[in-house]
Amino acid sequence: VRDALDFTQQYKEPDEPKILSVSDLPFERFTIPPYQRPYKWNIKNVNQLIDDIITFCDKGTEEYRLGTLVLHKRGTDATSPLDIVDGQQRSITLMLLLNELSKVDYQEEIFSQEFCDSMKSFLSKKQFHDSVSMIHIQENINAIRYRIPELTKKYVKFLLNNCCLVVISLY
C-alpha cells in the first residue's frame, strides 16, 4: 500500500496542449527513444508535405496544422530532454527538410543562428543503425533536394511561421 501511495504522490498532471509554429519547436531538446520504430516515411510522404506547404501558402492560409506531437518530459526544468512518443516520422521529415533548406543561399535571411543550432543539436543526437531507416532517410533527402528550387523564401517563411503542431507534453 505504501508503494502505491508513493507512486500517486509522484504523479504530475500533463501540461496544457500547445500550438507551436515550426520555428518555436525546441528541437535541441527532442530525443527519439530506442523503443521507437524505424523511420519509414517515404518519398510520397515527403512530396505530400512539400505539396501541402506550397498549396496552403498559395491559398493564403493563416495557419496550417501539420499534426500532433506527443512528448514525454524527463524532467521539470526548461532544458530537460523531451522524448518523442508520437510524431517521430513527421519530426524527422521536418528536420530533414529544414536542414536542407538551411543550406540554400537565402537561408541567412530566414533562419536564425539559434534555430540552426537547435536543428543541428537534434540531428547530431540521433543515429540510425537499421537499414530501413537509413534507406528512407537517404531517399527522402534526395527527394527534398530535388524539390528545393520550388521552395522560395515565401514558402520557407510559411513553413517556419504558419505551419504548426499541436504539442502535448506528458510527465
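The values are calculated or read from the model by the stated rules, or taken from the named source; none is laboratory data. Nothing here was measured: the structure is a model prediction, and the numbers come from that model. Every residue, glycine among them, receives a Cβ derived from its backbone with ideal geometry; neighbour counts consider all protein chains shown. Heads up: the accessible areas ignore ligands, DNA and RNA and are worked out on the full protein's heavy atoms, side chains in. Shrake-Rupley method; radii C 1.70, N 1.55, O 1.52, S 1.80 Å.
In segment 149-156 there is at least one residue that is assigned to a loop (DSSP other than H, G, I, E, B), in contact (Cβ under 8 Å) with a residue 60 or more places away in the chain and within 22 Å of residue 21 (Cβ to Cβ). Restricting attention to segment 49-101, the residues being under 21 Å from residue 30 (Cβ atoms), free of Cβ contacts under 8 Å to residues at least 60 places away in the same chain, open to solvent by less than 50 Å² (accessible area, probe 1.4 Å) and not in a loop (DSSP other than H, G, I, E, B) number 10. Checking each residue in segment 125-152 for being among the acidic types (Asp, Glu) and open to solvent by less than 30 Å² (accessible area, probe 1.4 Å) picks out no residue at all.
Taken residue by residue, segment 108-125 has no member that is modelled with pLDDT under 85, out of contact with any helix residue (DSSP H, G or I) (no Cβ under 9 Å at 6 or more places or on another chain) and in a loop (DSSP other than H, G, I, E, B). Of the residues 122, 158, 111, the single one that is surrounded by 15 or more Cβ atoms within 10 Å (Cβ to Cβ) and within 18 Å of residue 47 (Cα to Cα) is 158.
Whether any residue in segment 127-141 is within 16 Å of residue 28 (Cα to Cα), assigned to a helix (DSSP H, G or I) and more than 12 Å from the chain's Cα centre (by Cα) is what I want to check. No, segment 127-141 contains no residue that is within 16 Å of residue 28 (Cα to Cα), assigned to a helix (DSSP H, G or I) and more than 12 Å from the chain's Cα centre (by Cα).
For every residue, the table says whether it meets (1) in contact with a His (Cβ under 6 Å, 6 or more places away or on another chain); (2) under 29 Å from residue 75 (Cβ atoms); (3) not small (Gly, Ala, Ser).
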position	(1), (2), (3)
111	no, yes, yes
124	no, yes, no
131	no, no, no
158	no, no, yes
171	no, yes, yes
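Taken over segment 118-171, the criterion of being β-branched (Val, Ile, Thr) and closer than 21 Å to residue 105 by Cα is satisfied by 141, 144, 148, 152, 156. If residue 104 meets every condition in (1) touching a strand residue (DSSP E or B) at 6+ places or on another chain (Cβ under 7 Å); (2) assigned to a loop (DSSP other than H, G, I, E, B) apart from one, which number is that one? The single condition residue 104 does not satisfy is (1). Quick check: is even one residue across segment 26-43 closer than 18 Å to residue 151 by Cα and either in contact with a strand residue (DSSP E or B) (Cβ under 6 Å, 6 or more places away or on another chain) or not polar (S, T, N, Q) (or both)? Yes; the residues of segment 26-43 include at least one that is closer than 18 Å to residue 151 by Cα and either in contact with a strand residue (DSSP E or B) (Cβ under 6 Å, 6 or more places away or on another chain) or not polar (S, T, N, Q) (or both). Residues of segment 37-48 that are open to solvent by 30 Å² or more (accessible area, probe 1.4 Å) and under 14 Å from residue 91 (Cα atoms): 37, 38, 40, 41, 42, 45.
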